[in-house]
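Participant: Below you will find the structure I want to go over with you.
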Amino acid sequence: MGVRVFSLALIAVVCVTTGACDEALSNLTGPTENLTPTFSSIQRDILSASDSSGRIPCTNCHNGNTFVPGNFTGSAAYASLVGVPSVQRPALMRVAPGNPDASYLIHKLDGGPNIVGLQMPRVGVSLGDGQIRVIRRWIELGAKND
């Protein structure tokens, strides 16, 4: 019994410290089952696409053509998100590589009490916990443009 508990604990530590278990996130992402903690996946499956829950793409509003800050379309998306101060909370980056708790994107998706305005997306269905977890994991891994 003790060996079994130790083995499970060891697997958990390996998963957390190495990121080797990120594949399991796909089981949590609901309507975006192929979502992975990479920018290309997040851009394809969250920023630029709707999903089976009825959520609208982020690019419906964040497209560089409206009064909404940020352009999440095409090649402009990464530069518009990572290392850029938030318009609403300039003390926070939209995405602070390695630090999801200091990333205003996470605050807006979670709809926490320290946001200005409404939770994102403003209309329709919010992202699910698993989808936000994958975005959070991408940020933890350094928010690489991959």
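The values are calculated or read from the model by the stated rules, or taken from the named source; none is laboratory data. Please read these numbers as outputs of a predicted model, since none were measured by experiment. All Cβ positions, even for glycine, are placed from backbone atoms using ideal geometry, and neighbour counts span all protein chains on display.
Participant: So for the range 72-94 (the condition being in contact with a strand residue (DSSP E or B) (Cβ under 6 Å, 6 or more places away or on another chain) and at pLDDT below 95), does at least one residue qualify?
Facilitator: yes
Participant: List, please: which pairs have Cβ atoms under 9 Å, are six or more places apart or on different chains, and start with a residue in the range 107-129 that is on the phi > 0 side of the Ramachandran plot and part of a loop (DSSP other than H, G, I, E, B) and end with one that is among the β-branched types (Val, Ile, Thr) and surrounded by fewer than 18 Cβ atoms within 10 Å (Cβ to Cβ)?
Facilitator: Gly124/Ile56
Participant: Select from the range 26-40 the residues that are under 21 Å from Tyr78 (Cβ atoms) and surrounded by fewer than 17 Cβ atoms within 10 Å (Cβ to Cβ) and write down the one among them that is modelled with the highest pLDDT.
Facilitator: Here the residue is Ser40.
Participant: Tally up the residues in the range 51-105 that are of a type in the set (A, V, I, L, M, F, W, C) and part of a loop (DSSP other than H, G, I, E, B), please.
Facilitator: Summing the residues that are of a type in the set (A, V, I, L, M, F, W, C) and part of a loop (DSSP other than H, G, I, E, B) in the range 51-105 gives 10.
Participant: Every residue in the range 100-115 that is at pLDDT 95 or above and either β-branched (Val, Ile, Thr) or over 15 Å from the mean Cα position of the chain (by Cα) (or both), please.
Facilitator: Listed by number, the residues that qualify are Ile106, Ile115.
Participant: Specify the residue that is farthest from Leu81 (Cα to Cα); the eligible residues are those in the range 100-135 that are crowded, with 20+ Cβ neighbours inside 10 Å and not aliphatic (A, V, I, L, M).
Facilitator: Across the range 100-135, the extreme among qualifying residues is Gln131.
Participant: Quickly run through the range 120-138 and pick out the residues that are under 9 Å from the mean Cα position of the chain (by Cα) and either farther than 14 Å from Leu35 by Cα or of a type in the set (Phe, Trp, Tyr) (or both).
Facilitator: Trp138
Participant: Listed residues Pro97, Pro69, Pro57; which is buried (at least 17 other Cβ atoms within 10 Å of the Cβ), modelled with pLDDT under 95 and of a type outside the set (A, V, I, L, M)?
Facilitator: Exactly one residue qualifies, and that residue is Pro57.
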